[in-house]
1. Net charge near Q74, counting Lys/Arg +1 and Asp/Glu -1 over other residues with Cβ under 13 Å of its Cβ?
2. How large is the charge dipole for the stretch 92-152, taken about the Cα centre, if only the Cβ atoms of Lys, Arg (+1) and Asp, Glu (-1) carry charge, to the nearest 20 debye?
3. Give me the net charge of G152's neighbourhood, meaning all other residues with Cβ under 12 Å from the Cβ of G152; Lys, Arg count +1, Asp, Glu -1.
4. For the stretch 44-107, which chymotrypsin sites (Phe, Trp or Tyr not before Pro) are both in a DSSP coil and crowded by at most 14 other Cβ atoms within 10 Å?
5. Just add up the charged neighbours of Y51: K/R +1, D/E -1, any other residue whose Cβ is under 15 Å from the Cβ of Y51.
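Every read-out reported here was derived from the displayed coordinates using simple, explicitly stated rules and does not represent laboratory data. If you're wondering where the values come from, they're calculated on a predicted model, not measured in any experiment. Ideal geometry is used to build each Cβ from the backbone, glycine not excepted, and the neighbour counts take in all protein chains shown.
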Amino acid sequence: MKSVTRFLSSAGLVAAVLLLSGCAGLNSSQQVSGKRSEVVSAALSQVGTPYRYGANAPGRALDCSALTHYAYQQAGVPIPRMSVDQLRRARPVPLEALRPGDLVFFHTGPGVHHVGLMVDKNRFVHASTSQHKVGLTRLYAPYWTARYVGAGSYLD
């Protein structure tokens, strides 16, 4: 079982590296480096981790705000644990100025706020209730654009 876990962990790291290299290639003026690279890499390392509301166990189960909290924590940047607090305390970022590592926020139901982390100009990684796991999604998909409430960052 340990070898399977090690393989899956290695496969996740390889996928993250490939995704990051692809991200940088999408727009040469939007290179991912420094803390942004660390945050994006940490979030992508959790792709495939099961979604569970309230969960905060990287590699085992996460909810959306635990994923973003974990990613920033791995880069040494403290942020609040809950998505609504992440939104309130983040420096606002206009939609057209989004960069890898920025957080995107959505209103998905009464009293429900969802957060994801941008990996490039068009995609964000998030703990998805519909996919039941951490995965990548296009920001400009109709479902998400209809529910978008803003973006913010804790990075320079």
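1. Details: positive: K35, R36; negative: E38.
So the environment of Q74 carries a net charge of +1.
2. Details: 6 positive and 3 negative charges, 31 e Å.
Here the size comes out at about 140 debye.
3. +2
4. Values: sites: Y51, Y53, Y70, Y72, F105, F106; in loops: Y53.
Of the chymotrypsin sites (Phe, Trp or Tyr not before Pro), the ones in loops of the stretch 44-107 whose Cβ has at most 14 other Cβ atoms within 10 Å are Y53.
5. On the way: positive: R52, R60, K133; negative: D63.
Charge balance near Y51 sits at +2.
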